[in-house]
Amino acid sequence: MEFDAVVISPVGLHARPAALFVKKVATSGLKVTVSPVVDGQVTATADAKSILSVLSLGIKSGQTVRVVIEGDNPEALALELQEILADPQG
């Protein structure tokens with residue numbers, strides 16, 4: 001399963017929002033990658049279980065990301081990750 005989402009947090013996918021994102025992925029047991037999207041193209045990809053990998057993407061507020069989830073029943077995790085990305089409080 002994959003989806004695109006816009007990061008709403010004013011700090012982008014950094015610090016607190018990235019930690020929440022990675023924690024959800026790590027506890028899910030599913031394989032998840034996250035990628036910034038620029039002009040419709042993926043520019044890099046990171047393992048979403050690694051906080052350092054996610055932070056190294058430098059995803060900013062207003063930027064689109066593509067999340068790919070592999071495994072059984074990814075729908076619940078997808079909803080939780082979409083909520084984190086859409087949270088203006090980060």
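Given H placed on each backbone N at 1.01 Å, which residues far from Ala48 in sequence or on other chains put an amide H within less than 5 Å of it?
Hits under the 5 Å cutoff: Val32, Thr33, Val34.
Read phi for every residue in segment 70-87 and hand back ³J(HN,Hα) as whole Hz from Karplus 6.51 cos²θ - 1.76 cosθ + 1.60, θ = phi - 60°, with x for Gly and Pro.
10, x, 7, 6, x, 4, 4, 5, 4, 5, 5, 5, 4, 5, 4, 5, 8, 7
Can you list the HN-Hα couplings for segment 62-68, worked out from phi with the Karplus curve (6.51, -1.76, 1.60; θ = phi - 60°), rounded to whole Hz and with x for Gly and Pro?
x, 7, 8, 10, 10, 10, 10
Pick the calculated Cα extents along the principal axes in Å for this structure from (i) 31, 27, 21; (ii) 39, 27, 20; (iii) 105, 40, 13?
It is the one labelled (i).
Within segment 8-22, whose backbone N sits under 15 Å from a point 7 Å along Cα→Cβ of Lys60?
From segment 8-22, the list is 8-14.
Where a number appears in this text, it was derived from the coordinates with a stated rule and is not lab data. As the structure is a prediction and not an experimental result, all values here were calculated from the model. No Cβ is skipped: glycine too gets one built from the backbone with ideal geometry, and neighbour counts run over all protein chains shown.
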